Structures are given as structure tokens and as C-alpha cells.
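Note sheet for the following structure.
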Amino acid sequence: MSTPATPSLKSLLVRGYEVVIGFETHAQLSTQSKIFSRAPTAFGAEPNTQACAVDLALPGTLPVMNRGAVERAIEFGLAVGSHIAPRSIFARKNYFYPDLPKGYQISQFEIPVVQGGAVEFFLGDEKKSVRLVRAHLEEDAGKSLHEDFVGQSGIDLNRAGTPLLEIVTEPDMRSSAEAVAYAKELHKIVTWIGICDGNMQEGSFRCDANVSVRKPGAPLGTRREIKNLNSFKFMQQAIDYEIRWQIEEIEDGRPIQQATVLFDPDTGETRAMRTKEDAADYRYFPDPDLPPLVIAPGWVERVRSEMAELPRVMAQRFVSTYALPEYDATTLTQSKAMAAYFEATAQASGQPKLASNWIMGEVSRRLNAGETGIEQSKVSSAQLAGLIVRIADGTISNAAGRQVFEALWNAEGQEADGIIEARGLKQMNNAGELERIIDEVVAANPDNVAQFRAGKDKAFNALVGQIMKASKGKANPQQVNDLLRQKIG
Amino acid sequence: MHSASKPLHDLGVAELAASLRAGQVSAVEAAQHFLGRARSHESLGAFLAIDEEVTMNQARAADARLAAGTAGPLEGVPLAHKDIFVTKDLPSTAGSRMLEGYRSPFDATVVRKLADAGVVTLGKLNCDEFAMGSSNENSAYQPACNPWDLARVPGGSSGGSAVAVAARLAPAATGTDTGGSIRQPASFCGITGIKPTYGRASRYGMIAFASSLDQAGPMARSAEDCALLLSNLCGPDPDRDSTSLDLPTEDFARSLNDSIDGLRIGIPKEFFGEGLSADVRTAVEGVLGEFEKMGARLVPISLPRTELSIPVYYIIAPAEASSNLSRFDGVKFGHRAKAFADLVDMYKKTRAEGFGDEVKRRIMIGTYVLSHGYYDAYYLQAQRIRRMIADDFQQAFKSCDLIAGPVAPTVAWKLGGHGNDPLADYLADIFTLPASLAGLPGMSVPAGFGDGAMPVGLQLIGNYFTESRLLNAAHRLQQATDFHSRKPEGV
């Protein structure tokens, strides 16, 4: 069976089923203080040292909206092309739990602050767009600590009231790979615009995946929600397991029950926490303590004017200014640091495409091997530009360039020119010396010369190879070709 | 030192503040005098907490400021707070077992603002549990007695506040009004009380009953005293209460003496229907006649949805309360059941033990009307009618400057008089609920006496932000009548 170049729906079917995935992501907003109080939000403090009277829901306390959280929501909406609601409503989600001090969570229900929009990314070389339903502001709950106390539970309210932006997609994703690519792109956007630190271990970026399967053309299947996917690796494993499990259930004649499930990285399995039957009635109603959130057009425009260039805008600029292919431009705008590294290299070398090739090739390979980011690159953009200049002006070959890069990476030299000099990597541009080598090789291989003259092109290539070898790789292959053809052609 | 002709406890806030400034009386003397009265009238059930050391420390500090010339406008004036306001130095219970012994780490904004103005706190005043009630009989601690007839209720929920002022245990008190809780006890006890426009006074530190309705206000003997207190307790509080209005502080006493010649007073026909008892009607019509004598004109108006205000209020207020009271779960503060099997059992026992019947009733009603499948039919519908009620007032204010009518259909009823019939209590709120639902300022002004020689209150309702006009009309009435300065026998 042949694989088409662009994956069609058919090729994505799993045992004849279409996979449907939607995401809900909680991005913790990078404000100094909480969403409705002035307590700090820093991670890792001693339990209950960062919770004030409002966070503890002491009698008489009231919420006051943190403008910084609203601005971050506006920034996100602008980054993904959403409608910023001029008037949105905070609602109370009522339920009892010890780590929920007020007995309700302040969230947005019917009218969220960010409406619509889309996240665009490449899956392989295919461009994808996942539509957003909404993004709304809400407060986080505290944490229950079940391990530290025998027969009792501890409550840490440091996290209570931490601002979250819950970002909800349409069920637009059709594979675990696409889901992970979406999550990575979303992660890139929120960290790029600086509204979230993106730290998944600390829970700053938590994903819930709604997964269902159906026969192509059938109505949507019953979904199960996988909660708290805190790494991209587990995300893919969990979704893949869930897809297999759902298909097997259906194949075995057991209909899927709507449920919330958790992924256990140790077993690689998902298991149900609660089913729809015990779903709570949250009794949402508009929070009478908070007037509607009114965002005047001027506020949106001010936020827009203060925002950094967005990745997709920057990618378009890379295409138009540096004539990069769209794929290169998208790849290079994976992070702000990566984009800055590229721009510095491209400008210093005057060779944007070569800079892109080297960064996406040699540089990325080494960063990936070391699992580090561009910030930790052992070759600076200036060093790389120095190397690229020498390739572009013909001083060294690509092959020699890789040797120079290796040396720079291993700190065996400070800059390309010094290494080229020290290692004698300059291409042989001296025609006299090259002619001498060619003459020697022609003289030593009369058989090849005869065969070439008899019409065998392979014999010519063999001679070129001999000449390159004799020049220790420093000869310019094009020049060798030209001179040899003159001499024996 | 005090040598005025009247005993100290007959002085109003304005007079007392002037005497304190003039050095005719010291803050310590005034505090001791009122603390002594509170002790000797304990059986009225007005106070839930008194701490003489706290009071005397405040009084001494007030005297020091008076001596140093740094006195606030109310320096040294004793005042007591409804126990719905949280206070650092005194327990804050909301009249509930749930908060027995609870100490707040901060003062309510209203408490702080009055302290900044110089008042000395006499203690915390009895009220219906979480301000839910209209007789003070829902206090978890003790009922309060009406000083005009000890066998009758003082009204509620700010019952303790009304008793303390009427019995001269304090020159003034704070109250809160959600559906009439300042106006109705003021009416029952023959004192003056005003609920300002919703958002005038910060709700920070008021233990919440129904957030969209709760509003603080002063209760005192005269409109003049209320104006003085209101000027000092209102003001924006943007860092603590998002519903507090961004309006500059006002001198609400500025137009007290303005003429009311030509004032158009709207008389809603729905306030004078069959449900109004004859004695109250006679008293209210009497003072309306006084207004006419001063040149005011009575204009017939209609507030057609007056009756609907009862079901609307008893959906919205319990809905908000059911959510506001969720924080009392035994986890963080307040009462927690001693023995329980698991988490859910802890919640159930804690709340079953900590809350009284009326609070439980409203939590259940509120939970029901917010439930999936009922929300639209009850809560949303109630909100729609609430807006119509507010619109009705705007329509009415096209033809009048303020609205007048009775505060309550009857005078104070007998303790236990409504028995176990909460509906009887709810129906008695009919005249105070409309202004609450619309967020309008309203006040109760003594208007004479009805059956059993019990006080009757006149209700004045103004358009938004027209407190000074209400106070002006009330003050002019009090210049022409002496109902507000009468006192119960034996006081």
C-alpha cells in the first residue's frame, strides 16, 4: 500500500475509526499577584504563606479583579486572532471541596473574555489550523496534601486564586500527533508573548484532552476527558492508549460512557476518575461581587501596541524579508530566542538561507542531542555568521564548514577564520598548484583517460575523485571539473 | 464635667460631637456612661459583645486626639456596630453559632472609616443570623426586645442596632439593609435609619448575605445624625470592593435645611392598599399632611410590580446567600463538628449544627433556584422582573422628586407572633423590598404611633444618589414634629 504525500483522512483512520480530539488548556498567567487578591503567586513557597484573607475566603472579603490578568487575556486573544469581548461576565461555579475556600470558583461561563480565534502550526510539512471556541479567566484552587499527614489531609492555599486562562478548542484534531503539535504551538504562543512561564512540571501549563472515536461520517462519539497532561510525551502516550481502549470497547460491543480519566505514566494506561452519573450541578450564576468586565477598544489597542511581534507575523516577515520558505520561517519562530539567533546570524552573514539551513540542521541537531535550547548553544550567532561568510565566498567547502563548526562547538577555536587557517581548510584556489595535481593524476591513470575518451563518463568521475583526494579535499570540485575537461576533453 | 441640661444619653451624635470638641464632656466619660447603660439594660438583648478595655482604650485615644487638636469629625462619639461587620478587636459572629468566637484579622471598611472619623466602639450588636430575618428572633444567641413594649420584636435584621439607639444605649449604630433590615427595625423602634444607594458604602468586611442587595447605613435618632454618620461611612473602596461606586465622598448634611416648598412627593397607590393596617395608614397620612403644610405636593404614582418584589427577592437573595454561605464548611474557620465519619459527613454535621433554621431554609431555596433545569424559570426570571421593578421607579421619578409610604404594613408584632410561619415574615417586607431590588436609597423616619402606642415609620425612597434630598425632607419633618425625640417609658 502506498502512502500519499499529504495524509488524507483515510490514512489517519485507526482500525477504520476516525479520531476526534479537542483540548482544554489551563495556562497560569504570569502576574505577580493573584487574580482577585494582592497575595503573591510565586511557586514553591512554604504552605499557606502566600494566601491572604481574600484567598482564605475569610468572612467579609471580596474579590477585586487584577488588571494584569485581563491584559494577559487580551494579549492572548490578539495573538490568536480572537474577538476580545467588550463586556464579559464572571460567574460562580459552586461545589464543596476543602481546597476551594469560598465553596465556589470564580470563572467565566456564558460570556468569556476571549471568543474564537485559531492556532496554526505545521504537522510535518502540512499546515494545520485548530479553531478556538474561547479562552476565559478563572481562579485556581488550592492543593490537598494527602501524603504528609496520617489519617488527615493538609490544605495548602498558596495556589488558591492564582490566575488561569482556560483555552478551549473545537474538536478539530484528528490524531495524537496533531494534538501534541497543537499543544506545543499553544505553549509556544503563551511563552512567546510572556503571559505564562510554560513550566509544565510546576503545573503552569496543564492540558486536558477530550478524546472520542467514530466511524467516518458518523456523528461525534462519546468523549472521555483525559485530565492534567503535564508533558508532551505523556500527552501522546495517553491519547494513543485512550484511542486503542475506546476502539476495543466499541468493537467488543461496550458503548463508551462519558467520563473523566487520569493517565498513569507508570502503567501507560488511563483510568476513570468519575463518570457522568456523578457529575456535579455547579449552579453557575453571575458573581454579584464582580461587575461585568468591560474592555474599552482603547485598552485593546494599547495592549496591541505594546505587544511583541507575534510568531506568525514574524514568520511572514522572514518569508518576505529573507526570502525563506514558509517551513523554514515557521521552524525558526518556534521560540523568541531561536528567531533572534537566526536574525542575528542572517544579518551578520548576509546569507539568510544558509543561516536557516545551518540553524535548522547542524545547530538544532546538537541542541536536540543535548536537550537544550538555543540559549545554551555553544556556537554564537556571530561565530556561525563568520563560518557562513567563508562558505558563501568560496573560501571553504560545506564539508570543511562542518569541521569548522565542530571545532567551534568544542571550543577548539574562537572564530571560523582562525580555525580555517590553523587547520589548512581553505579551498585550493591556486590554479597553478591544482593544474600540477591534475597533470600528475592524468599521467598516473592512462587507462581512465583512455576510457573517458572512449565515451565512459564514469572514468571522468574516477579521475575527479583521485584529484580531490590528492588535494586533501581543498580543491574546488567545480574548478577541478572545468580544468580536467580542458586537459583531456 | 458634663453640665448640659440633658443627660448624656439624650444627646444626639451632632450634639455629642460638639460637646466633645468643646471639652464639655470627655470621650472617656461618654464611653463609661453608655457602657454603664448597656450593662444596666442587658435584658433588652441589644449587645452580643462588649469589651470595656477595648472601648476605654479607644476613648482615651480619642481624648488624646481631642487634646492634641487632631480630632476627627466624630471624635469620641460612642457607637456600636451590627455584628455583621467584622472587627479586629471584638468577636464577629453574624448572630450565628457558625462563627461563635470568630475573630477577624481586619476591620470592615465601614468600621475603619468611622474609627478614622473618631468614633469609639461600644460593642457588637445583636441581629438575625447572617442578617436573615425581620424580627431579630433568628439570632442564634438571644432575642432582642422592643424598648417600647418588651413583649414585642424590635424588627430585624438590624434589631440590636434599633434597640440600642431607641433605648439610649448608644447615640447611634451601624446597620445593614438587604431587603429592609435598617428601615424596618428603625420603624419598629421609632428611630431614624438610612440605607444609601447600593455601592455608596463599601461591603468589605460586611459578612455577606446577598451581595447584590447588601448595603450598610447608619441608624440614629435624627436625620441630622444620620447625615453626619453617612458622610463618614460612605466612599469608594476600589481596592477591596469592586461594587463600591467611584464617587467622591459627600457632605450629606449640606442641604438639611433647604426648603421643601414645591417638593413633589410620589405616593404609590400599591403602598396604601388592603394590606396596610389602619393605624399605620393614619400615622403615615398624618406626616404626609405635615409635608403638605411645608409646601410639598403629593403626587399619586404607581409601582405596579410592588407585590412581585416578594417572590423576586426571595429567589435572588437566597440564591446569592446559598453561594455566599458555602465558605462556612468547617475547614478553615468557624464551627466544625466534633465527630464525623468522612469529609461529606463533616460538611453535613458542621453545617447542620452551625446554621439555624431560617439560614438553612434560605440555603435550600437558593440551591434549588440555581439548580440545573430551574435556573431559567426562577433565577433568570427573577432578574428580569428585578430590572422591571427598577424601571418602574424610573418611570415614577419622572413625576416626583421622592417617594413616600409606610415602611411596614403594621407596627412591631409580639415576640413569637409569627410563630413558625416564615411566610408571614416575608410578606411583611413588601414595602421595603422594591427599593432594595432597585438599589435605591431609602430611609425610615418616625411618623407617630399606632396600635399599642408602638412607633410607626415613614419610608422615603429617593432616586439614585439623592440621599441628601431624603435627609433634607426627613430633617424638615423632624423640625416640624417631635416623634423622633420621644423615648420609650422607663428609658
Hits in segment B:454-491 - residues which are over 20 Å from the mean Cα position of the chain (by Cα), surrounded by 19 or more Cβ atoms within 10 Å (Cβ to Cβ) and aliphatic (A, V, I, L, M): B:L477
Quick one: in segment A:86-106, which of the residues that are more than 10 Å from chain B (Cβ to nearest Cβ) and either of a type in the set (A, V, I, L, M, F, W, C) or assigned to a loop (DSSP other than H, G, I, E, B) (or both) is farthest from B:L343 (Cα to Cα)? A:P86
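Here is a yes/no grid of residues against (1) touching a helix residue (DSSP H, G or I) at 6+ places or on another chain (Cβ under 6 Å); (2) within 17 Å of A:A382 (Cβ to Cβ); (3) outside the structural domain of A:K378 (by TED's automatic domain parsing):
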position	(1), (2), (3)
A:I419	yes, yes, no
A:I437	yes, no, yes
A:N445	no, no, yes
A:R453	no, no, yes
A:K458	no, no, yes
Picking from B:Q479, B:Q459, which residue would you name as being outside any helix (DSSP H, G or I) and modelled with pLDDT of 95 or more? B:Q459
Tell me which helices (runs of 4 or more DSSP H) are completely within segment A:357-421 and hold 1 or more residues being touching a Lys or Arg at 6+ places or on another chain (Cβ under 7 Å) and closer than 22 Å to A:S335 by Cα, or say none if there are none. A:398-409
Scanning segment A:31-40 for residues that are surrounded by fewer than 19 Cβ atoms within 10 Å (Cβ to Cβ) and more than 14 Å from chain B (Cβ to nearest Cβ), the one farthest from the chain's Cα centre (by Cα) turns out to be A:P40
Which numbered condition A:L290 misses (of (1) free of Cβ contacts under 8 Å to residues at least 60 places away in the same chain; (2) crowded, with 19+ Cβ neighbours inside 10 Å; (3) in contact with a strand residue (DSSP E or B) (Cβ under 8 Å, 6 or more places away or on another chain)): (1)
Have a look at B:P105, B:P91, B:P73 and point out the one that is within 14 Å of another protein chain (Cβ to nearest Cβ), touching a residue at least 40 places away in the same chain (Cβ under 8 Å), surrounded by fewer than 20 Cβ atoms within 10 Å (Cβ to Cβ) and not in a helix (DSSP H, G or I). B:P91
I'm told B:E52 meets every condition in (1) in contact with a helix residue (DSSP H, G or I) (Cβ under 9 Å, 6 or more places away or on another chain); (2) surrounded by 18 or more Cβ atoms within 10 Å (Cβ to Cβ); (3) more than 13 Å from every other protein chain (Cβ to nearest Cβ); (4) over 21 Å from B:L228 (Cβ atoms) except one. Can you identify the failing condition by its number? (2)
Which condition breaks for A:A272 when tested against (1) touching a residue at least 60 places away in the same chain (Cβ under 8 Å); (2) surrounded by fewer than 14 Cβ atoms within 10 Å (Cβ to Cβ); (3) of a type in the set (A, V, I, L, M)? (1)
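For segment A:144-186, name all the residues that are of a type in the set (G, A, S) and within 20 Å of A:R72 (Cβ to Cβ).
Once the filter is applied, which keeps residues that are of a type in the set (G, A, S) and within 20 Å of A:R72 (Cβ to Cβ), segment A:144-186 yields A:A160, A:G161, A:A183.
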Inspect segment A:145-160 for any residue being under 26 Å from A:Q334 (Cβ atoms) and surrounded by 21 or more Cβ atoms within 10 Å (Cβ to Cβ) and give the result as yes or no. no
Of the residues B:G160, B:G155, only one is modelled with pLDDT of 95 or more, surrounded by 23 or more Cβ atoms within 10 Å (Cβ to Cβ), away from chain A (no Cβ under 14 Å) and out of contact with any helix residue (DSSP H, G or I) (no Cβ under 7 Å at 6 or more places or on another chain); which? B:G160
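The values are calculated or read from the model by the stated rules, or taken from the named source; none is laboratory data. Keep in mind the model is a prediction, meaning the values are calculated, not measured. Note that each Cβ is placed from the backbone with ideal geometry, even for glycine, and that neighbours are counted across all protein chains shown.
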